[in-house]
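Trainee: Sharing a structure with you now.
The values are calculated or read from the model by the stated rules, or taken from the named source; none is laboratory data. Bear in mind that the values here come from a model prediction, so they are computed numbers and not experimental data. Here the Cβ is made from the backbone with ideal geometry for all residues, glycine too, and neighbour counts use every protein chain on show.
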Amino acid sequence: MKPMTKENAIDIDKSVDINNEMTNPQVSSLQIPAEEVKIKAEDVRVRYGEKEALFGINLDIPQSKVTSFIGPSGCGKSTFLRCLNRMNDTIDGCSVTGNIHMDGVDILSKQVDTVLLRAKIGMVFQKPNPFPKSIYDNVAYGPRLHGLGNSKSDMDEIVETSLEKVGLLKEVKDRLLEPGTGLSGGQQQRLCIARAIAVDPEILLMDEPCSALDPIATAKIEELIDELRGSYTIVIVTHSMQQAARVSQQTAFFHLGNLVEYGETEQIFTSPQDERTKGYITGRFG
Amino acid sequence: MQTTIFTFTVLLLAFIGYYMGRSRAVATVSGDVRKLHSLPRHYGYFVALWCGVPALVLCVLWMLFEPYIVNTLVLSGVPNIDPDASSAVIARILSDVKFLAANGVGRGADDPVMVAAAEHYTHLKTVGTASLAVAIIAFSILGLVIGSRRVGADLKARNQVEGLIRWVLLASSVIAILTTIGIVGSLLFEAIRFFGKVPFTDFLFGLEWSPQIALRKDQVASQGSFGAVPIFAGTMLISFIALCVAVPVGLLSAIYMSEYATPKVRAIGKPMLEILAGIPTVVYGFFAALVVAPTIRGFGEAWGLDVSSESALAAGLVMGIMIIPFVSSLSDDVIRAVPQALRDGSYALGGTKSETVTQVILPAALPGIVGGVMLAASRAIGETMIVVMAAGLTANLTANPLQAVTTATVQMVTLLVGDQEFDSPKTLAAFALGLVLFCVTLCLNVVALRVVAKYREKYD
Ligand SMILES: Nc1ncnc2c1ncn2[C@@H]1O[C@H](COP(=O)(O)OP(=O)(O)O)[C@@H](O)[C@H]1O
Ligand SMILES: [Mg+2]
């Protein structure tokens, strides 16, 4: 429990104001058994300097499933995603309050080592961002940072299995030493996924992983997400509602820094409870 | 004085032309400005340009050709000049004539031919200036009349003015380019003259440099020797020391400023670093000669080393400090141009800041950094003031940074300072050194700029 400091008190005062103005209590139809909860977020608030971006998010993410975040641009999906691996730490002036537990460990606490945390939580970005290194070195980057694969043969194996898992191995087998930036967009994105799973994470965060890709590359990534689902807990931000419907089991709808509705994907898309969700899904705004 | 008066007259006429053109244009449409093709001021510019430009062109032509015409006329009045006389002899005769004309005394004051030539010269000058004045004023007035005659509602004054502006801009660029070509050309020309006297291979590969040429033929060492190897070796040694200082310090400070510093520190720190680039090199020169060199010598003595008081080390260290801003600000630019996505990628895999910098950012920025270092190197090689003040004069072929060495720039300065004959190998050697230096820095710059540009493309 956090002690009630003066700062907290002010925060809460403010948030009450805001809540009165612009949020309804969130609708959540989802009942996840406690032992299946991988990530538990409680009252997560984020501000960038003076500007508040998230107004108290409560969300449970189940293990070994795909959870998608949808919502109009600027509603805070990426911001929330970045809270989960503490990437917001790298942004000047960004402050995160609230609690996020992963397997019962409070990952927002100061004691948590972000290096180890990020080894457990991989991230894939909107634009494929392979390092300007060889394909091999791209995949080996994470394992080297964390001291995995000490011998050459171990490392080779890690690289090969990671590429195999993303279905890239047979495409790039003969050119592992060529630069990763020379691949096509879709291949680059799969390389980035391989790079993330090379350190054997438990969770994969994907921030609009297909928005820079063509439909065929997108289909491949979606297929891949489906395959990876059993071994990893996946959280995906997407702008495409069809994509959310295709790949995810749970869907959370964000709006203006609030989590408006969270439920089974099927239920969200067929019978949304909240007016705003309904409006967004039927394309009336967003 | 006369030039000033001409200029003012023409400006005044152009000014009058502006108002004439303007008011005439307005008058032709009896005040309804919308009937004019262009704005009233365009008609003003139009007449002013008609008034000023022909006069200006005339003036420029005059300045280009007047000396040649006058010289030819004067020389034709001086009989018995050897037709094969070298240009230097003719130039001396001319300068004697001019001196005589200006002062009434001097060499040849008792030679009637020279006195006559001097009078001829004075006469030509007076007539020429007077006719120029008349011609300029006449041209201006003529331009004023023609220009204002043409003003009317249908005259496309705006387009004509725009067209002329294009020509003016073109002319400026041409001047800049021609000047550069001229400078390079004269460098090349003089250097070729030098290589006519001293074989090219002796210059490039000779190991001994002592350009002093004895005044009397029978003196010892009457033949200077022009082996440039020690000089270029000295240049390289000092530049190398400078880069050894500037590259690590500049690069590390760029990394700090771009990756670690808070925006506040950066806002103060970066301009401070750039102030270094604004210090005049002569100030670095004193600093090298008066502070650094004695200090190094003192240290050396304490360790029992023999340090020259004009050691390469002192000059190189200070030059290194001077080029830190080049390295740091260019590196800073390229480091900041590395996309944030790459940093995020590394952080998201659990990379720490220093791991991200060394394994992702620096490799990505490396081509740009190399380009920056090459630009800094070309700066160091061409730098003059610091080495003139702090490096030695004698050409030593050594790799020991504690000894005095000399550089190409220092030698050029010493070769050209003082009274010189313009066709002795000693003077011409400076052009040859300059040519080699120019080629080296040009290559460095071209390669560096290409590298930097290529790197930019990659991330845009
Ligand atoms: N680095 C940042 N600095 C300041 N404000 C930011 C930053 N990143 C995001 N924001 C703001 O936070 C809000 C949520 O942004 P984001 O999480 O990127 O939205 P989404 O991913 O849903 O489109 C937006 O209003 C955005 O302007
Ligand atoms: Mg986003």
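Trainee: Can you name every residue in region A:44-85 that is away from ligand 2 (no atom under 14 Å from the Cβ), more than 14 Å from chain B (Cβ to nearest Cβ) and either over 23 Å from A:PRO272 (Cα atoms) or free of Cβ contacts under 8 Å to residues at least 12 places away in the same chain (or both)?
Mentor: If the condition is that a residue be away from ligand 2 (no atom under 14 Å from the Cβ), more than 14 Å from chain B (Cβ to nearest Cβ) and either over 23 Å from A:PRO272 (Cα atoms) or free of Cβ contacts under 8 Å to residues at least 12 places away in the same chain (or both), then A:VAL44, A:ARG45, A:ARG47, A:GLU50, A:LYS51, A:GLU52, A:GLN63, A:SER64 are the ones that fit.
Trainee: For region A:211-228, enumerate the residues that are under 15 Å from the mean Cα position of the chain (by Cα) and within 13 Å of ligand 2 (Cβ to nearest atom).
Mentor: A:SER211
Trainee: Within 14 Å of another protein chain (Cβ to nearest Cβ), within 16 Å of ligand 2 (Cβ to nearest atom) and touching a Cys at 6+ places or on another chain (Cβ under 9 Å): is that true of A:ASN88 in this structure?
Mentor: Yes: the conditions hold for A:ASN88.
Trainee: Tell me, yes or no, whether region A:149-163 has at least one residue that is more than 11 Å from chain B (Cβ to nearest Cβ) and touching a residue at least 40 places away in the same chain (Cβ under 8 Å).
Mentor: Yes, region A:149-163 has at least one match.
Trainee: Ok, one more. Looking for whichever is free of Cβ contacts under 8 Å to residues at least 24 places away in the same chain, within 23 Å of B:ILE381 (Cα to Cα) and not basic (Lys, Arg) here; the options are B:VAL265, B:VAL283, B:VAL318. Which one fits?
Mentor: B:VAL283
Trainee: Taking B:LEU397 as meeting all but one of (1) more than 14 Å from chain A (Cβ to nearest Cβ); (2) crowded, with 24+ Cβ neighbours inside 10 Å, write down the number of the exception.
Mentor: It is condition (2) that B:LEU397 fails.
Trainee: When residues of region A:51-60 are filtered for being more than 10 Å from ligand 1 (Cβ to nearest atom) and not hydrophobic (A, V, I, L, M, F, W, C), how many remain? Lay out the reasoning, then the answer.
Mentor: Looking only at region A:51-60, we keep the residues that are more than 10 Å from ligand 1 (Cβ to nearest atom), and these are A:55-60.
Now restrict to residues that are not hydrophobic (A, V, I, L, M, F, W, C): A:56, A:58, A:60.
Adding up the residues that qualify gives 3.
Trainee: In region A:31-43, what residues are touching a residue at least 40 places away in the same chain (Cβ under 8 Å) and closer than 17 Å to A:THR251 by Cβ?
Mentor: A:LYS38, A:ILE39, A:ALA41
Trainee: Keeping to region A:65-120, report how many residues are polar (S, T, N, Q), within 12 Å of ligand 1 (Cβ to nearest atom) and in contact with a helix residue (DSSP H, G or I) (Cβ under 6 Å, 6 or more places away or on another chain).
Mentor: Summing the residues that are polar (S, T, N, Q), within 12 Å of ligand 1 (Cβ to nearest atom) and in contact with a helix residue (DSSP H, G or I) (Cβ under 6 Å, 6 or more places away or on another chain) in region A:65-120 gives 2.
Trainee: State the number of residues belonging to region A:121-160 that are within 16 Å of ligand 1 (Cβ to nearest atom) and farther than 15 Å from A:GLN188 by Cα. Before the answer, list the steps.
Mentor: If we filter region A:121-160 for residues that are within 16 Å of ligand 1 (Cβ to nearest atom), which is where we start, we get A:123-127.
Subset that is farther than 15 Å from A:GLN188 by Cα: none.
Within region A:121-160, residues that are within 16 Å of ligand 1 (Cβ to nearest atom) and farther than 15 Å from A:GLN188 by Cα number 0.
Trainee: On to the next question. Test A:PHE131 against the stated conditions and say whether it is within 16 Å of the chain's Cα centre (by Cα), within 14 Å of chain B (Cβ to nearest Cβ) and surrounded by 15 or more Cβ atoms within 10 Å (Cβ to Cβ).
Mentor: Working: within 16 Å of the chain's Cα centre (by Cα): no; within 14 Å of chain B (Cβ to nearest Cβ): yes; surrounded by 15 or more Cβ atoms within 10 Å (Cβ to Cβ): yes.
Answer is no for this residue.
Trainee: Something else about it: Answer yes or no as to whether B:ILE361 is within 14 Å of chain A (Cβ to nearest Cβ) and β-branched (Val, Ile, Thr).
Mentor: Values: within 14 Å of chain A (Cβ to nearest Cβ): yes; β-branched (Val, Ile, Thr): yes.
The answer is yes for B:ILE361.
Trainee: Scanning region A:246-286 for residues that are farther than 25 Å from A:GLU222 by Cβ and of a type in the set (S, T, N, Q), which turns out surrounded by the fewest Cβ atoms within 10 Å (Cβ to Cβ)?
Mentor: Residue satisfying both the conditions and the ranking: A:GLN273.
Trainee: If you check B:GLY104, B:GLY77, B:GLY52, which single one turns out to be surrounded by 12 or more Cβ atoms within 10 Å (Cβ to Cβ) and modelled with pLDDT under 85? Walk me through it before giving the result.
Mentor: On the way: B:GLY104 fails: surrounded by 12 or more Cβ atoms within 10 Å (Cβ to Cβ); B:GLY52 fails: modelled with pLDDT under 85.
The conditions single out B:GLY77.
Trainee: Among (1) farther than 30 Å from B:THR9 by Cβ; (2) touching a residue at least 12 places away in the same chain (Cβ under 8 Å), where does B:PRO112 come up short?
Mentor: Going through (1) farther than 30 Å from B:THR9 by Cβ; (2) touching a residue at least 12 places away in the same chain (Cβ under 8 Å) one by one, B:PRO112 breaks only (2).
Trainee: Being within 20 Å of B:GLY350 (Cα to Cα), more than 16 Å from ligand 1 (Cβ to nearest atom) and outside any loop (DSSP other than H, G, I, E, B) narrows it down to one of A:ILE225, A:ILE193, A:ILE216, so name that one. Lay out the reasoning, then the answer.
Mentor: Values: A:ILE225 fails: within 20 Å of B:GLY350 (Cα to Cα); A:ILE216 fails: within 20 Å of B:GLY350 (Cα to Cα).
Result: A:ILE193 is the single residue among A:ILE225, A:ILE193, A:ILE216 that is within 20 Å of B:GLY350 (Cα to Cα), more than 16 Å from ligand 1 (Cβ to nearest atom) and outside any loop (DSSP other than H, G, I, E, B).
Trainee: Taking helices (runs of 4 or more DSSP H) that do not extend beyond region B:370-460, which have at least 3 residues that are within 19 Å of B:LEU207 (Cα to Cα)?
Mentor: B:408-416, B:425-459
Trainee: Next question, about the same structure. Among the residues of region B:86-106, count how many are in a loop (DSSP other than H, G, I, E, B) and over 15 Å from B:SER424 (Cβ atoms).
Mentor: Qualifying residue count, region B:86-106: 3.
Trainee: Now, a different point. For A:ASP207, state whether it is touching a Leu at 6+ places or on another chain (Cβ under 9 Å), touching a residue at least 40 places away in the same chain (Cβ under 8 Å), away from ligand 2 (no atom under 16 Å from the Cβ) and within 14 Å of another protein chain (Cβ to nearest Cβ).
Mentor: Judged against the criteria, A:ASP207 is not a match.
Trainee: Out of (1) hydroxyl-bearing (Ser, Thr, Tyr); (2) surrounded by fewer than 18 Cβ atoms within 10 Å (Cβ to Cβ); (3) within 13 Å of chain B (Cβ to nearest Cβ), the odd one out for A:SER95 is which?
Mentor: (3)
Results for (1) small (Gly, Ala, Ser); (2) free of Cβ contacts under 8 Å to residues at least 60 places away in the same chain; (3) more than 15 Å from B:ARG149 (Cβ to Cβ), shown as yes or no for each residue.
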| position | (1), (2), (3) |
| --- | --- |
| B:TYR18 | no, yes, yes |
| B:ALA25 | yes, no, no |
| B:VAL29 | no, no, yes |
| B:ARG41 | no, yes, yes |
| B:VAL47 | no, no, no |
| B:CYS51 | no, no, no |
| B:LEU56 | no, yes, yes |
| B:CYS59 | no, no, yes |
| B:ILE69 | no, yes, yes |
